[in-house]
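Novice: Quick one: the structure is below, questions incoming.
The values are calculated or read from the model by the stated rules, or taken from the named source; none is laboratory data. Since the structure is predicted, the reported quantities are computational estimates derived from the model, not experimental observations. Counting neighbours? That spans all protein chains shown, and the Cβs are built from the backbone with ideal geometry, glycine included. Keep in mind that these areas ignore ligands, DNA and RNA; they rest on the heavy atoms of the full protein, side chains included. Shrake-Rupley method; radii C 1.70, N 1.55, O 1.52, S 1.80 Å.
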Amino acid sequence: MKKKGERVNGDKGRYFKTDSGELCVILSDGLGTGTDAAKESTVVVDLLEKFLRSGVSPSAAMKILNSVMLLKNRESWGYATIDLMCVDLFSGEACFYKYGAAPSYVKTSHGIRKIKCDNLCAGMGSGEQNAPDVVRMMLRAGNIAVIASDGVTAGKTDEEMKELIDANAQADMKDLARQVLLSAQQEGEQSDDMTVLAVRLEERA
């Protein structure tokens, strides 16, 4: 959902499966809103997908992308947050990589876990001190991940997000994402772009 008054959404989301059987989910929030933000987030997602599809490891791909953005920032485009979730569909091992991104939430049989980010947006720093935040965990059938831009999470407490996910956990994932988005829209003034990606793991029959 785009910011009120804008023609386009400055966030960009995408998901795909690699040849090695890994699900990759990407969300990027371009700095600001509108056309310029959309350009930034689209470039980020396109580059990251190319790296991952070519066999570059997620951690290395994120660092390379940060370096590319550091160089590009001197020319024509700015900064962007990056959310990357990679799940090995054979083992269930999942890794969340974040550059300046809003919190994500993962629902398992043990409850709902918040996955937060403490570093800067991609393109704002270099060196090991600005490596992406990484969280690793094992996922099982029935587990749910919700990844959203800060336009969605900024106006909600952790408890509100967790209650919303819990209440819609049995729904189709499109419906869950839609409910999270509509809830954010109703409580705010649409002063930022808003995007929600929801994923549920299921056993293959």
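Novice: Does V135 qualify as being open to solvent by less than 60 Å² (accessible area, probe 1.4 Å) and in a strand (DSSP E or B)?
Specialist: Yes, satisfied.
Novice: Would the stretch 8-27 turn up any residue that is over 19 Å from A145 (Cα atoms) and part of a strand (DSSP E or B)?
Specialist: Checking the stretch 8-27: not a single residue is over 19 Å from A145 (Cα atoms) and part of a strand (DSSP E or B).
Novice: Still on this structure, I have one more. Within the stretch 170-200, track down each residue that is touching a residue at least 60 places away in the same chain (Cβ under 8 Å) and open to solvent by 30 Å² or more (accessible area, probe 1.4 Å).
Specialist: L181, Q185, E189, Q190, S191, D192, L197, listed by residue number.
Novice: Any chance you could count how many residues in the stretch 108-139 are touching a Leu at 6+ places or on another chain (Cβ under 9 Å) and modelled with pLDDT under 95? Please lay out each step first, then the result.
Specialist: Start the filter on the stretch 108-139 by keeping residues that are touching a Leu at 6+ places or on another chain (Cβ under 9 Å), which leaves 108, 121-126, 130, 132, 139.
The next check asks that each one be modelled with pLDDT under 95; those that pass are 121-126, 130, 132.
Number satisfying all stated conditions: 8.
Novice: Residue check: is G188 under 15 Å from the mean Cα position of the chain (by Cα) and modelled with pLDDT under 90?
Specialist: no
Novice: Cβ-Cβ under 7 Å, sequence separation 6+ or interchain: first residue in the stretch 95-110 and under 11 Å from T153 (Cα atoms), partner assigned to a loop (DSSP other than H, G, I, E, B) and of a type in the set (K, R). Which pairs?
Specialist: P103/K116
Novice: For V87, indicate whether it is open to solvent by less than 10 Å² (accessible area, probe 1.4 Å) and at pLDDT 90 or above.
Specialist: For V87, the condition - open to solvent by less than 10 Å² (accessible area, probe 1.4 Å) and at pLDDT 90 or above - is met.
Novice: Suppose the filter is aliphatic (A, V, I, L, M), closer than 19 Å to Q185 by Cα and surrounded by fewer than 16 Cβ atoms within 10 Å (Cβ to Cβ); does A167 pass it?
Specialist: Taking the combined requirement at face value, the residue satisfies it.
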